[in-house]
Amino acid sequence: MTAIFDLLAIPLGWLMRLIYSGIPEYLVAIFLFTLIVRALLFPLSLKTQKNQADRARLAPRLERLRKKYEKDPKKLQEKQMALYEKHGVSMTGGCMPMLVQMLVLFGIISVIYSPLKFIAGVPENVISASSSTLVSAGVMTENDKKGYYEEMKMLNNLDNYEADIKASIVAAGYNEEQANSYIADMYEIKKDFVFFGKNLLENPWNEKGFGGISILWLIPLISGITAFLSSMLSMHYTKQVAAAENQQAQGCSNVMMLVWMPAFSLFITFTVPGGVGIYWICSNLIALLQTFILNKIYNPVKIREQAEIEYEERRRQKQEDKKRLAEARAKEQRELAKQLKEEKNPQTKKKESPKVKEKPAEPEVKAEAEQSEPKDE
């Protein structure tokens, strides 16, 4: 294990130890530990999903840009970048959260694969001395000692080599009481690696091949099924997005998602200790739940459909505004033309002049009538 993964595993190990102290069942602790870590990382997953949804929201406009500038790739790129910048969408926004999650994943693996170090708190030099003894005894190889499964393989041989392991701990500078305490810690962890009476420190697939079929085979089978279901759900949403964008989902990606990933999960969990396979099952189940929740919160298909509706509504409104503006300008032009025509036509002026003079004549007629009334009287 590299130093950086061990560094990440330290705080994760504290969390795992806290969970295990409250629920001293290794399998249950693995599930809760995986669930809590995934929950802590959920905001990063949500950010990645939101970034995908933001790109889906801009998809209608991007398609118009592609049609408009299909013969000018440079201009198309400029327009696309301007559109992304205007709406605050980053093309690389999903990369950093994914990178962080991958790093944390390796930290999780370090914790799961090293229960003595991160759960029981057994010092590294005690673990190293114990595994070195088993290498000398020929039950472990140097590669086993340097690999991920050092502690699990050492625990699997604890019963047969307890005295030798205890002697190696004393030789490492610890007294007999401390050595007995560390041996007790090892047995305390080992007792949790039991599944229907079978030892989870063993690999489901062993040298007996199909002749060694046992209940441990349920672990890789369940792991493969859960990985398949997770892939099916992811592919379902991928197909929806591809259909919304009038594209075909890539066949190679579909095969990789639907076949190779479950097959890989099946293969791995057949060839690693059963306890590690339990972690893979937990991880697959939580990934299944997370995919469902993320697509409920930010569904790129629904967001794109809504963006299409809004885009068409804006286009319709813009056309109506242009039409009203054109009608207003046409009306203004007609009135202006009529006014110019009236100013240039002299007959129109003659008709207008009597009307202007008749109005002031009315009081004069009225005055004459008023003057004649006394004469009549």
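The values are calculated or read from the model by the stated rules, or taken from the named source; none is laboratory data. Quick caveat: nothing in here was measured; it's all calculated off a predicted structure. Cβ: placed from backbone, ideal geometry, glycine included. Neighbour counts: every protein chain shown.
Out of all the residues in region 166-187, is one or more in a loop (DSSP other than H, G, I, E, B) and within 28 Å of L216 (Cα to Cα)? No, because not a single residue in region 166-187 is in a loop (DSSP other than H, G, I, E, B) and within 28 Å of L216 (Cα to Cα). Looking across I30, I36, I19, one residue alone is β-branched (V, I, T) and surrounded by fewer than 17 Cβ atoms within 10 Å (Cβ to Cβ). It is I36.
The single residue among A179, A184 that is under 46 Å from the mean Cα position of the chain (by Cα) and either more than 25 Å from L200 (Cβ to Cβ) or surrounded by fewer than 16 Cβ atoms within 10 Å (Cβ to Cβ) (or both) turns out to be A184.
Condition check ((1) at pLDDT below 85; (2) touching a Pro at 6+ places or on another chain (Cβ under 7 Å); (3) among the basic types (K, R)) across all residues:
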{"residue": "G275", "(1), (2), (3)": "yes, no, no"}
{"residue": "T291", "(1), (2), (3)": "no, no, no"}
{"residue": "K318", "(1), (2), (3)": "no, no, yes"}
{"residue": "R329", "(1), (2), (3)": "no, no, yes"}
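Residues of region 21-43 being outside any helix (DSSP H, G or I) and β-branched (V, I, T), which ones?
Quick first cut of region 21-43, residues outside any helix (DSSP H, G or I) only: 23-25.
I23, the sole residue that qualifies.
Residues that are over 17 Å from V276 (Cα atoms), at pLDDT 90 or above and either crowded, with 21+ Cβ neighbours inside 10 Å or among the β-branched types (V, I, T) (or both) are absent from region 201-216 altogether.
Output the helices (runs of 4 or more DSSP H) that fall wholly within region 54-157 and possess 3 or more residues being surrounded by 13 or more Cβ atoms within 10 Å (Cβ to Cβ), touching an Asp or Glu at 6+ places or on another chain (Cβ under 7 Å) and touching a residue at least 12 places away in the same chain (Cβ under 8 Å), or say none.
Fully inside region 54-157 and qualifying: 124-137, 150-156.
A residue that is hydroxyl-bearing (S, T, Y), over 21 Å from the mean Cα position of the chain (by Cα) and within 25 Å of I278 (Cα to Cα) cannot be found anywhere in region 40-47. If you filter region 188-200 down to residues that are without any contact (Cβ under 8 Å) to a residue 40 or more places away in the chain and outside any helix (DSSP H, G or I), you find that the one that is surrounded by the most Cβ atoms within 10 Å (Cβ to Cβ) is V194.
Taking region 127-159 as the range and being touching a helix residue (DSSP H, G or I) at 6+ places or on another chain (Cβ under 9 Å) and over 22 Å from V276 (Cβ atoms) as the test, the residues that pass are A129, S132, T133, S136, A137. Of all residues in region 293-309, none satisfies being surrounded by 10 or more Cβ atoms within 10 Å (Cβ to Cβ), more than 30 Å from the chain's Cα centre (by Cα) and either in a helix (DSSP H, G or I) or at pLDDT below 80 (or both).
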